[in-house]
1. Pairs only if they're at least six apart or on different chains, beta carbon under 6 angstrom, first in the range 123-137 and of a type in the set (S, T, N, Q), second open to solvent by 50 Å² or more (accessible area, probe 1.4 Å) and at pLDDT 95 or above; list them, first residue then second.
2. In the range 110-162, how many are basic (Lys, Arg), out of contact with any strand residue (DSSP E or B) (no Cβ under 9 Å at 6 or more places or on another chain) and in a loop (DSSP other than H, G, I, E, B)?
3. I need the full set of residues from the range 39-66 which are at pLDDT 90 or above and away from the ligand (no atom under 16 Å from the Cβ), in order please.
4. Having 2 or more residues that are open to solvent by less than 30 Å² (accessible area, probe 1.4 Å) and under 22 Å from Lys309 (Cβ atoms) is the bar; report the strands (runs of 3 or more DSSP E) wholly within the range 190-291 that clear it.
5. Starting from residues that are part of a strand (DSSP E or B) and under 27 Å from Lys40 (Cβ atoms), keep the ones in the range 81-109 and report whichever is farthest from the ligand (Cβ to nearest atom).
6. Within the range 143-158, can you find the residues that are crowded, with 18+ Cβ neighbours inside 10 Å and either in contact (Cβ under 8 Å) with a residue 60 or more places away in the chain or away from the ligand (no atom under 16 Å from the Cβ) (or both)?
7. Give me the residue from the range 2-40 that is on the phi > 0 side of the Ramachandran plot and either in a loop (DSSP other than H, G, I, E, B) or touching a helix residue (DSSP H, G or I) at 6+ places or on another chain (Cβ under 8 Å) (or both) and, out of that set, surrounded by the most Cβ atoms within 10 Å (Cβ to Cβ).
8. Listed residues Gln231, Gln237; which is without any contact (Cβ under 8 Å) to a residue 60 or more places away in the chain, in contact with a strand residue (DSSP E or B) (Cβ under 7 Å, 6 or more places away or on another chain) and more than 28 Å from Ile173 (Cα to Cα)?
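The values are calculated or read from the model by the stated rules, or taken from the named source; none is laboratory data. The structure displayed is predicted, hence computed values, not measured ones. So basically every Cβ, Gly included, is an ideal-geometry build from the backbone, and we count neighbours across all protein chains shown. Note: areas computed on protein heavy atoms with side chains; ligands, DNA, RNA excluded. Shrake-Rupley method; radii C 1.70, N 1.55, O 1.52, S 1.80 Å.
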Amino acid sequence: MENGRPYRDFGDFLRGIFPFKVQKISVNAGFTCPNRDGTKGFGGCTYCNNQTFSPGYCHTEKSVTEQLEEGVCFFSRKYPEMKYLAYFQAYTNTYDELNALIAKYEEALSFPGVVGLIVGTRPDCMSDALLDYFTQLSQKTFVLIEYGLESTLDRTLFRINRGHTHAESEDAIRRTAGRGIYTGAHLILGLPGESREEIRHHADVLSALPLTTLKLHQLQLIRNTRMAKEQSEHPEQFHLYAVDEYIDLVIDFLERLTPSIIVERFVSQSPKELLIAPDWGLKNFEFTAKVNKRILERNTWQGRLSDYK
Ligand code: SF4
């Protein structure tokens, strides 16, 4: 593995592309979600409270430019030479008229210092026309499309009301990567009804796909969500991982994941006021340090048990 690391690291990936420091800035472009407005479903995914996506500087009433201004202002004091990736994160960032979508992306790209886009979306929300645009764009600037898969099991996708199947996830990943566009996935480890072996098996399934990057998140119970209500009524159906137990699960997962997929993160941090559980009290870098320490103790690495090398 590069730089002697036991897994392929997102920071190394960016350093291999850009000869300068880059920082993601989250942008809420005011798009909505087809799983909330009735196009795909009502009520949204059972775990979702979209407030958890937005850092303090990211408000819908502000334009993309205003949000980038504030984000850049925050980081450039410390690193004046830094460049930026506009991260369209909240809700479904490919869900609007084509021209309206492109206008928002172009607004971000025209902001001084922005050197690329990361676009988070659902696998069932990527038209061929928009892929045509991203294909052209990716030939001249950095573009990463990040699909929320959450699980590779249809049984789970149905239970959490995702409103799409794993076949749709695979199709979106193959169509995007097939155009030469960096393609990412997002998975939640610990969804209700999934055994540890089923969670580890997600790594086998993803290893067979043409993914560039992967983000892993622990299941978090968030206030005012359907899942929080479900858990309070049927706590026996949920397993909320203790931190050390989750670290070992992540490492088991990495062992089964092909070494060609870059791992961007292992955990997410929802705002404390919205989080019910688990509250591990660890920042992302503290968690990563614990994973690295445990990997050394276990003398293992990404892909050790993968059939895809
Ligand atoms: S997680 Fe994403 S797709 Fe699901 S309801 Fe929330 S915004 Fe919509």
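1. Close Cβ pairs satisfying both conditions: Thr135/Arg179.
2. 1
3. Residues satisfying the conditions are Lys62, Ser63, Val64, Thr65, Glu66.
4. 213-218, 262-265
5. Kept after step one, since they are part of a strand (DSSP E or B), are these residues of the range 81-109: 83-88.
Filter once more, so that each one left must be under 27 Å from Lys40 (Cβ atoms): 86-88.
Working: Ala86: 18, Tyr87: 15, Phe88: 12 Å.
Among them, the one singled out is Ala86.
6. Across the range 143-158, the qualifying residues are Val143, Leu144, Glu146, Glu150, Thr152, Leu153.
7. In this case the residue turns out to be Gly30.
8. After ruling out the rest, the residue left standing is Gln231.
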